[in-house]
Amino acid sequence: MTDSNIDSNGKRSELDFLSEVKSFSFETIKIVIISLIVIIGIRSFVMQPFFVSGQSMEPNFHDGDYLIVDELSYKFGDPSRGDIIIFHYPNDVRLFYIKRIIGLPGEKIEITNNIITIFNSENPEGMKLDEDLYIPSDKIILRDYVKELKNDEYYVLGDNRVASADSRVWGVLKKNFIVGRAWIRAWPFDSISVFEKIEY
């Protein structure tokens, strides 16, 4: 009894071979399309890469650092004090900035003698912000300042206070400009790290 897919010499027919090539090509294309959809979906709604540019976040972030940005968390919750965020620069949304959240919506921010004090419903007398975890003790904030935030406004500062254009310069940041929070430093390899939430 002869298998219809094998010719008289015991070889597979050319028709069957072409059929298998077509089937393989279709499966490959399908996998590529599905992979692209998943990757684009993740890049658009979950996480995306970001390169640090400049010195405004030194000594914690350096020019050329490659970060993975978590875009998902803020879809389900609000940014927290101490979060490192990536956002569209309000005066030119084509640009992306990286800064640290210092003041939250509804709070009053007071900077006096290089000390930041936060006034809110939990701390009507003021809470002095201890930033020793991420800024050297010789930090400089430049000038005294007072700002009251509205319900959708955040006060953001660079860690390198002498070389950062931040809320002291261009004003408060509205929530709709925020892209996400710095989650992982993926480059350079000797500095790979996951960023934990700051507890003040």
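The values are calculated or read from the model by the stated rules, or taken from the named source; none is laboratory data. Small disclaimer: the values here were computed from a predicted structure and weren't measured. Cβ atoms come from the backbone with ideal geometry, glycine included; neighbour counts cover every protein chain shown.
Considering only residues that are among the β-branched types (Val, Ile, Thr) and at pLDDT 95 or above, which ones fall in the range 87-99?
Within the range 87-99, just ILE98 meets the criteria.
Given the criteria modelled with pLDDT of 90 or more, touching a helix residue (DSSP H, G or I) at 6+ places or on another chain (Cβ under 7 Å) and among the hydrophobic types (A, V, I, L, M, F, W, C), does LEU149 qualify? So that I can check it myself, show each step before the final result.
Numbers: modelled with pLDDT of 90 or more: yes; touching a helix residue (DSSP H, G or I) at 6+ places or on another chain (Cβ under 7 Å): no; among the hydrophobic types (A, V, I, L, M, F, W, C): yes.
Considered against the rule, which asks whether it is modelled with pLDDT of 90 or more, touching a helix residue (DSSP H, G or I) at 6+ places or on another chain (Cβ under 7 Å) and among the hydrophobic types (A, V, I, L, M, F, W, C), LEU149 comes out as no.
May I ask you to list the residues in the range 144-162 that are surrounded by fewer than 18 Cβ atoms within 10 Å (Cβ to Cβ) and either in contact with a His (Cβ under 7 Å, 6 or more places away or on another chain) or closer than 20 Å to GLU58 by Cβ (or both)?
VAL162
Any chance the range 88-100 includes a residue that's within 17 Å of ARG168 (Cα to Cα) and of a type in the set (Phe, Trp, Tyr)?
yes
Per-residue answers, yes or no, for (1) outside any loop (DSSP other than H, G, I, E, B); (2) closer than 27 Å to VAL146 by Cα; (3) modelled with pLDDT under 95:
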site	(1), (2), (3)
SER53	no, no, yes
ASP63	no, no, yes
ILE68	yes, no, yes
ASP78	no, yes, yes
ILE101	yes, yes, no
ILE116	yes, yes, yes
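Restricting to the range 90-99, name every residue that is in a loop (DSSP other than H, G, I, E, B) and either under 11 Å from the mean Cα position of the chain (by Cα) or free of Cβ contacts under 8 Å to residues at least 40 places away in the same chain (or both).
Listed by number, the residues that qualify are ASP92, ARG94, LEU95.
Among the residues of the range 114-128, write down those that are within 16 Å of ILE101 (Cβ to Cβ) and out of contact with any Lys or Arg (no Cβ under 8 Å at 6 or more places or on another chain).
MET127
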